[in-house]
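Input: a single structure, listed below in structure tokens.
Computed from the coordinates by the stated procedures, all read-outs in this text should not be read as laboratory data. These numbers were taken from a predicted model, which means no experiment stands behind them. Every residue, glycine as well, gets a Cβ built from its backbone with ideal geometry; the counts of neighbours run over all protein chains shown.
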């Protein structure tokens, strides 16, 4: 298969440029703090506008371009997925869950504000994600908007992301490789799948056209998770902007604890190649998507 | 205006019968606990299937009938609003908010399970509310489904219900009558408004047809809140199924603390009459809606 070779550092620049557009979209769709409820609106903005690579919106934009979808639409879907992703981080960081004080190099929302405000800001970010998708500016077809909402609710709900989070919280030392892959596919993989399927949904593509992007997203999710777990072992809080070494401290099984650093890295490399294969003919049309798995393999934050 | 006089106790029976249909719908749309994520699904069911009058779905059903909408549709919207209402109770009961141990006569979700599970079950109930609305079984028109989703997100989001909750948590003794009415309109009134507007939205009625039901809902919301606050002063935990006397303990201003028991009761009676007036010609077509404000005035739980 012909894949376009991108110059070194191209993807770094493309991701940074995309993140700026996503941030501008988020700034436009998030409420301006006003009135007596300003505190929860400030906390929504604090949690969301903390930087980050905006990888999920990047996937939405490039999967959407494959189907001729305008950026103005895919950026709104990107803003919705980022609002939803941020809510999950705010709630996961709470004392009753991971009890994290640091996120993206800043105090977590419940530290910067308080626990009550963090719970409510997370709730409001989850709510606004669906509000953004339901808006006609996201797509003129209400059928498309409902399809996005249904897919996102499924990806993020009780048997998707939330299911993965509770499995993670209840996980024990007996978890094996398949258990960890299932849990991570729910907890982080489902939002990657949504992000990649959003393109064909926005483009009203045939169901067949979604299969390749879905398979790509599944492997990308594993690559992302393994490299995240590797950073937890090998990196510093300064680089990642969050606490590291937590998995080992909590006796949590990951593909790194189960396969070792080298074994996990090899698995990630295998998945990265498989992800590109799954793209099929889209690989040449979307060099950013083909390059992304290898970008993740090399990331240091 | 001609209003149909319902026999005494008619409404009691009608509400109970409606609640049974709503419960059956909720049972069908909520997930059956399965797999490793079963715990969060059990907590969703525990929180939702705790009885209750299902007043919001009752309003959806009767506002929908005015526009010839089939019960099978309005019951699904009723299930969605009840899932969303229940999420707000689960999160409001958390230690970092109202810290309540008792709800509908049973331990609150974070007591029966744990705090982490309660946060996630609330998140999952909020998510499934939008999933139910996005499903084609709720209405064949995706435009209608998107209108419901947009209205519910607005009603329950950062400047609606969540906004009301944060204002309530930050409220001080200097709150006056107008402040309390504004906060309660957001915190509880918005979901009543959604419930009454859902009928005309489902029936694809003209915007004008929504105005009367919206005004009705606003006054119903105040009647509900005043009678709730009166119960907090005059009733027992045994009857209400939740802790009473909390408003006074927490130094919280309500229309009862500000106007006194008699003053608040008079205000509720005034609002009940005004609610029925707002119904206009719908009052005769929907005797259940005309009777509801007076039913609320007499309630003891």
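Things worth noting here:
- Segments A:284-294, B:7-17 sorted - mean Cβ within 10 Å per residue, highest first: A:284-294, B:7-17
- Entry note, chain B: the mean residue ellipticity at 222 nm calculated from DSSP H runs of n ≥ 4, each adding -39500 (n - 2.57), is -22000 deg cm²/dmol after division by the residues and rounding to the nearest 500.
- Per-residue Cβ neighbour counts within 10 Å put A:210, A:274 in the sequence A:274, A:210, beginning with the fewest.
- Taking the alpha carbon gyration tensor of segment A:113-218, multiplying each eigenvalue by 5 and rooting it gives semi-axes of 27, 22, 8 Å, largest first.
- Note on segment B:1-68: Cα convex hull, mean projected area over all directions, 6.1 nm².
- For segment B:164-301, the Kirkwood radius over C-alpha pairs fed into Stokes-Einstein at 10 °C and 1.306 mPa s yields D = 101 µm² per second.
- Seen from a random direction on average, the alpha-carbon convex hull of chain B projects onto 14.8 square nanometres.
- C-alpha center-to-center spacing [segment A:268-301, segment A:64-141] in angstrom: 25
- Stokes-Einstein diffusion of segment A:78-128 at 20 °C, 1.002 mPa s viscosity, Kirkwood radius from Cα pairs, rounded to a whole number: 201 µm²/s.
- The mean number of partner chain beta-carbon atoms within 10 angstrom of a residue's beta-carbon across peptide A:111-118 is 3.
- Length-normalised contact order of segment A:10-298 in % [C-alpha pairs under 8 Å, at least 6 apart]: 19
- Burial order of peptide ranges B:188-195, A:63-70 (average beta-carbon count within 10 Å, highest first): B:188-195, A:63-70
- Among A:152, A:84, A:55, the largest mean-square fluctuation in a Gaussian network model of chain A (Cα springs under 10 Å) belongs to A:55.
- Shortest-first distances to equivalent copies, position residue B:10, nm, label 7 Å out along Cβ: 7.4
- Spherically averaged projected area of the protein assembly as shown from its Cα convex hull (nm²): 26.1
- Averaged over B:28-38, number of beta-carbon atoms from partner chains that fall within 10 Å: 4
- Rounded to whole Å, sorted largest first: equivalent-ellipsoid semi-axes of segment B:48-187, Cα gyration tensor: 27, 20, 14
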